[in-house]
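Report on one structure; see the data block that follows.
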Amino acid sequence: MNRVGGEAAATVLVIVGRSIDIDTAVAAAHGYPAVTVARYDLPGPGPARLITADEIARTHKVRSRISHAQRDWFIRSAVDAPWAAVPIEAQLVDADPNLGGELYDRAEALYDHFRTVAPRHVGVAKISKVLHLKRPGLFPILDSKVMAFYRPHARAAAARYPHRGRRAMFWAAIRDDVCTNLDNGALPLFRCRLAQSESEQVRRIASLTDVRLLDLLTWAVA
């Protein structure tokens, strides 16, 4: 059994095969920029089936570098995107790549709605930073650093799901880590420790989704 206190040291978070003890993870959270959480994450998802200019502006807090023209493209493209098939509360752990026609496929269709017709210089990073705002429990932020860190595991994940026809499956690799850290109790313990912090800024981080907490820790260890 994992408990906050005497047994906390025995519980470790696992990211891409690397172990991070809870105290180190909490220290990393203390060092995370408060302004990023306050201005990118905490306003929460906006309208369920639209992308707003304000949401695009929020992505600048995670260095999206989305231009005005690209902002306008996101807003236009969002109008007929298949939002309804992907609930706001959707979670990555429920997106099993083995299951056809379920959440994984619907998330992929939403992502592909933007990716397949994206203008020049709108790639994975920018799309994921926008979609994470819209469905924060489902879409990981896939910037260049996270993708480089996860690439070997993403390729291994693709080999496990050959029917997907992908060379790398970053969602699946990150999902593996989320599942592992839920199953071993490390992620709930980490969230509990954050919620008990004397720092209000750190307590705010405790409200982030499992996917976002893992992103925070990936940046700390990559």
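The values are calculated or read from the model by the stated rules, or taken from the named source; none is laboratory data. All values reported here derive from a predicted model rather than from experimental measurement. Cβ coordinates were reconstructed from backbone atoms using ideal geometry, including for glycine residues, and neighbour counts include every protein chain displayed. Note: accessible area is taken over every heavy atom of the protein model, side chains too, but ligands, DNA and RNA are not part of it. Shrake-Rupley method; radii C 1.70, N 1.55, O 1.52, S 1.80 Å.
Which of (1) in contact with a helix residue (DSSP H, G or I) (Cβ under 7 Å, 6 or more places away or on another chain); (2) in contact (Cβ under 8 Å) with a residue 12 or more places away in the chain does Arg166 not meet, given it meets every other one?
(2)
Could you grab me the full set of residues in the stretch 112-145 that are of a type in the set (Asp, Glu) and surrounded by fewer than 17 Cβ atoms within 10 Å (Cβ to Cβ)?
First pass over the stretch 112-145, keeping only residues of a type in the set (Asp, Glu): 112, 143.
Within the stretch 112-145, Asp112 is the sole residue that qualifies.
What pairs come out if I take residues in the stretch 146-160 that are open to solvent by less than 10 Å² (accessible area, probe 1.4 Å) and modelled with pLDDT of 95 or more and pair them with residues that are hydroxyl-bearing (Ser, Thr, Tyr) and not in a helix (DSSP H, G or I) whose C-beta lies under 6 Å away, six or more apart or interchain?
Between residues of the stretch 146-160 that are open to solvent by less than 10 Å² (accessible area, probe 1.4 Å) and modelled with pLDDT of 95 or more and residues that are hydroxyl-bearing (Ser, Thr, Tyr) and not in a helix (DSSP H, G or I), there is no close pair.
Which residues, counting only those in the stretch 31-51, are under 19 Å from Trp219 (Cα atoms), of a type in the set (D, E, K, R) and open to solvent by 40 Å² or more (accessible area, probe 1.4 Å)?
Residue satisfying the conditions is Arg39 alone.
I want to confirm something. Restricting to the stretch 86-102 and keeping residues that are within 17 Å of Ile174 (Cβ to Cβ) and of a type in the set (D, E, K, R), which single residue is most open to solvent (accessible area, probe 1.4 Å)?
Ranking the qualifying residues of the stretch 86-102, first place goes to Asp94.
I'm checking my understanding of the structure. Among residues of the stretch 198-222 that are among the charged types (D, E, K, R) and either more than 9 Å from the chain's Cα centre (by Cα) or modelled with pLDDT under 95 (or both), which one is farthest from His132 (Cα to Cα)? Show your work before the answer.
Applying the first criterion (among the charged types (D, E, K, R)) to the stretch 198-222 yields 198, 200, 203-204, 210, 212, 215.
This time we only want the ones that are either more than 9 Å from the chain's Cα centre (by Cα) or modelled with pLDDT under 95 (or both), so: 198, 200, 203-204.
Values: Glu198: 28, Glu200: 24, Arg203: 21, Arg204: 18 Å.
Restricting to residues being among the charged types (D, E, K, R) and either more than 9 Å from the chain's Cα centre (by Cα) or modelled with pLDDT under 95 (or both), the top hit is Glu198.
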